[in-house]
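Structure record follows, encoded as structure tokens.
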Amino acid sequence: QLIGEGRGRSVVLPKLNRFNPVCGGLKVVYASGAVVRSDLEIFDGSENLGNIPLGTIIPAEDIIERRLNSCGVARYLINHETLGRGWISGRIRGGKEEPIVEVIPFGNDDDNDDDGDGNTQPEHYSTPEESANEWYKHYVAAGGGTESSSPISESFDIESLDEFQALLSAGKIHGLNDMDSDSLIASVYGKLVDVLPHFSDGVECSFIDCATVLASASPKDEVKDFSSSIDANVHEVASESLVHVIDRLPSTKALMARIAMLRALNRRAHVALPWLPMRPYQEGSCILGGLHGFGASLERAGRTWDSKSTNKWAQVTSIASRFRSCRELFFTGTKRTFLEGVMDATTTPTPLSNDEYELPRDVRTLRVNRLKARRAMTSNDNNLKMKHSVFSQMQREMRGWSGATLRRGFVAKGHGGQKRAFKVKLVGEGVNDYSGPYREVFTDSMQEVTDLDDTGSSSLGVLEPTANNQSEVGEGRDLFMFARPADSSSIFSEAKLKLDLLSSEEIDLMKSFSSIAHKKNESAREIEEALLYLGRLAGTACRHGIPVDLPLPLGMVWKRLTEESIDMKETLREMDILAARRLQDGDDHDATLVTDELLATQRRLLNSFAEGISSVLPVELLSAFTGEQLRDIMCGNPDIDVEMLRRVTEYEGYNNDDDVISHFWEVLREMTTSERKLFLQFVWARNRLPLKESDFDAPFKIQKDTKFIQEDGDYPLPSASTCFFSLTLPEYPDKETLKRKLLFAIENVTTMESDYVTNDVEVGEGWRGL
């Protein structure tokens, strides 16, 4: 038995007969040659690697695999000397279905060379067991299980299946049940994958590296092998993740046995998830005694339901419900890969332009006057802000756009790999949209919806600060909630005088439908429309890899979107800790009704936000994630990790050990969180970093500014190219000068550096007074 050794000795697993192209080679017979593409399926995202001309013979050793794609066309995975690895089709699909390649059978006189052992045909494997046994024979012959590269790898050898099962039983964290223990282990492993060198799928890392880090984090483990190749920050991540259970951890060997099983589960989930129904129609069906009929369920998103009365309804079990109940056992990388695959499959196709450097006609242009928006946002007139802000301008321009328009993911040549649904025209700034302006409008919009006026109220009336934010008490003091409409009343307002007359069943019914039973007015309609557009904007940003700064409550928003069960007391404490304490101290019916009305209003408004997201993202899949995971996917890292940014930095004209570079990183570390956000927006047109290094589309570049010192002896300001994530930094003589110049630049620059000189009409339009 071989347990725990994931990919060893570079021994290749033999393919089964149905995948193995048993032939003497392929000959290209189509007049136009054979097109080599990057993927098995042919779609907009698959890359054309090149063309193999007519008459070319592809030898058998260069044919890796044979499969049928979704159209039933045989596709061959080949290695080509100049084009690399890619897929070619066996025939043309449609029309006369002419053959592209011809299979050369074994036994040809010209191709009867053997490998020196007299064998010209490969072995046949009909079942997975035959293939696995053959692989294991070669593994043992290669020294598998007999040699050890380090003392820590020797300590994890497992001799039998009985020993492995015993380790599995001992691998639980003491004091936790099986589900909670495995969920924590999966979470820790996922965090280690983010910071350790991982495989190409981004879901797994080296088994030995993971064991080394966990062994170093355990205070009672005898195995200590601190590899010099593992950074100190990796050990820090492991220690922080396990700090609350560090004295209850099992042995590292038992812990790794548990991780081995979780890895095996996630490998199967990687293949199985596309085939599983995430929201089957049988769930909650009224025919089966469920909570809803034809349409969305009451549990979905913000629609209210009384958790105490669910036991009165028949809850039909399904694969999807069981999957959601153990969602934390699946690595975030596994679920993200699935979500990204579905998003790619639902991307609106975009016909290419004749000029590869021009955007296609189907990519619409969005005109945004940021100059007017900046002047409006600095005024004291909220009506002016709601009319001229970037968020409001975009909402008006995109009012008639369909969800299919926002589901485009076109990547233009020379735009740094940034996906886009539209092109941005910044009026009066003379800037070409090579991706910087596209990211900038998302960042500006999110900043505006959380902007407060002099009285502490919301400037745009879309999001308002929570009570904890206003009073600066409790946790989550930076959180915002959906703005409540003026003069709005719900069923709780009318129930204050009649509460004593209601039966317990009527009270349950009132709470179950409280987010639906309310009076609408013009203010409520405007807020719902704004939140619907905010959801579409956040969903589009998520599709295109742009984290947004959207500090919404975890329990009321993110956990609701993922359909997690929540504690309403904890949810209220996250938004208003003083109200939560009043409810806990006594039976104040008026306070209870006010609190219920607040929560019901937030759930109702969440429906509009969720509806906007659903037009761009597959919301049925969001229930695969936890609330924290969904928040991280959409909002990125709220803290600007300077060390991670430094690890993805490249230098042009400077070296890593130059004084000006050392001063730069010291200044960045000394900045506050808000100053770091300004810096990131200055150089990248976004104010949040990705969660891990592998999510960076391009490295951060620091280039040397070759401008001369000015006549008065002063140095020029640093400049940036947001489209290409680069900073042009003069060689300042000392740290203080660098800090003063950099802070002045990031705090005072209001427009992007011009790419061309605009005409007088456009300049006048951009700078015209309000």
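Annotations
- Count of residues meeting criterion [under 13 Å from the mean Cα position of the chain (by Cα) and either assigned to a loop (DSSP other than H, G, I, E, B) or surrounded by 17 or more Cβ atoms within 10 Å (Cβ to Cβ) (or both)] in the range 628-672: 8
- Taking each residue of the range 172-185 that is open to solvent by 80 Å² or more (accessible area, probe 1.4 Å) and looking for partners that are of a type in the set (A, V, I, L, M) with beta-carbon atoms closer than 6 Å, six or more apart or interchain, yields nothing.
- Just one of (1) at pLDDT below 85; (2) more than 25 Å from residue 542 (Cβ to Cβ) fails for residue 322. It is (1).
- Criterion violated by residue 625 - all others in (1) open to solvent by less than 10 Å² (accessible area, probe 1.4 Å); (2) closer than 23 Å to residue 719 by Cβ satisfied: (2)
- Filtered residues of the range 160-182 (kept if touching a Lys or Arg at 6+ places or on another chain (Cβ under 8 Å) and within 13 Å of residue 259 (Cβ to Cβ)): 167, 168, 171, 172, 173, 181, 182
- Output for the range 724-750, where each listed residue is closer than 22 Å to residue 441 by Cα, open to solvent by 20 Å² or more (accessible area, probe 1.4 Å) and either modelled with pLDDT under 85 or assigned to a loop (DSSP other than H, G, I, E, B) (or both): 724, 748, 749, 750
- Pair list, Cβ under 9 Å, 6 or more apart: the range 134-146 residue modelled with pLDDT under 80, other residue of a type in the set (S, T, N, Q): 140/146; 142/10
- Test: residue 48 is modelled with pLDDT under 90, touching a strand residue (DSSP E or B) at 6+ places or on another chain (Cβ under 9 Å) and among the polar types (S, T, N, Q): yes
- Condition check for residue 274: modelled with pLDDT under 85, within 18 Å of residue 619 (Cα to Cα) and either touching a helix residue (DSSP H, G or I) at 6+ places or on another chain (Cβ under 8 Å) or open to solvent by 40 Å² or more (accessible area, probe 1.4 Å) (or both): no
- Applying the condition of being at pLDDT below 90 and surrounded by fewer than 21 Cβ atoms within 10 Å (Cβ to Cβ) to the range 429-451 and asking which residue is farthest from residue 360 (Cα to Cα) yields 430.
- Filtering 26, 68 for residues that are loosely packed, with under 14 Cβ neighbours inside 10 Å and either among the aliphatic types (A, V, I, L, M) or touching a helix residue (DSSP H, G or I) at 6+ places or on another chain (Cβ under 6 Å) (or both) leaves a single hit, 68.
- Scan of the range 447-476 for residues that are of a type outside the set (Gly, Ala, Ser), within 25 Å of the chain's Cα centre (by Cα) and assigned to a loop (DSSP other than H, G, I, E, B), ordered by number: 450, 462
Each row is one residue, and each column tells you yes or no for (1) at pLDDT 85 or above; (2) open to solvent by 60 Å² or more (accessible area, probe 1.4 Å); (3) aromatic (Phe, Trp, Tyr).
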{"site": "81", "(1), (2), (3)": "yes, yes, no"}
{"site": "88", "(1), (2), (3)": "yes, no, no"}
{"site": "101", "(1), (2), (3)": "yes, no, no"}
{"site": "104", "(1), (2), (3)": "yes, no, no"}
{"site": "110", "(1), (2), (3)": "no, yes, no"}
{"site": "114", "(1), (2), (3)": "no, yes, no"}
{"site": "123", "(1), (2), (3)": "no, yes, no"}
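Table: residues versus (1) open to solvent by 50 Å² or more (accessible area, probe 1.4 Å); (2) part of a loop (DSSP other than H, G, I, E, B); (3) at pLDDT 85 or above; (4) among the acidic types (Asp, Glu).
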position	(1), (2), (3), (4)
674	yes, no, yes, no
687	no, yes, no, no
708	yes, yes, no, no
752	no, yes, no, no
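The values are calculated or read from the model by the stated rules, or taken from the named source; none is laboratory data. A quick note: this is a predicted structure, and the numbers were derived from the prediction, not measured. In this analysis, Cβ positions are derived from the backbone assuming ideal geometry, glycine residues included, and neighbour counts consider all displayed protein chains. Side chains included, ligands, DNA and RNA excluded: accessible areas come from the protein's heavy atoms. Shrake-Rupley method; radii C 1.70, N 1.55, O 1.52, S 1.80 Å.
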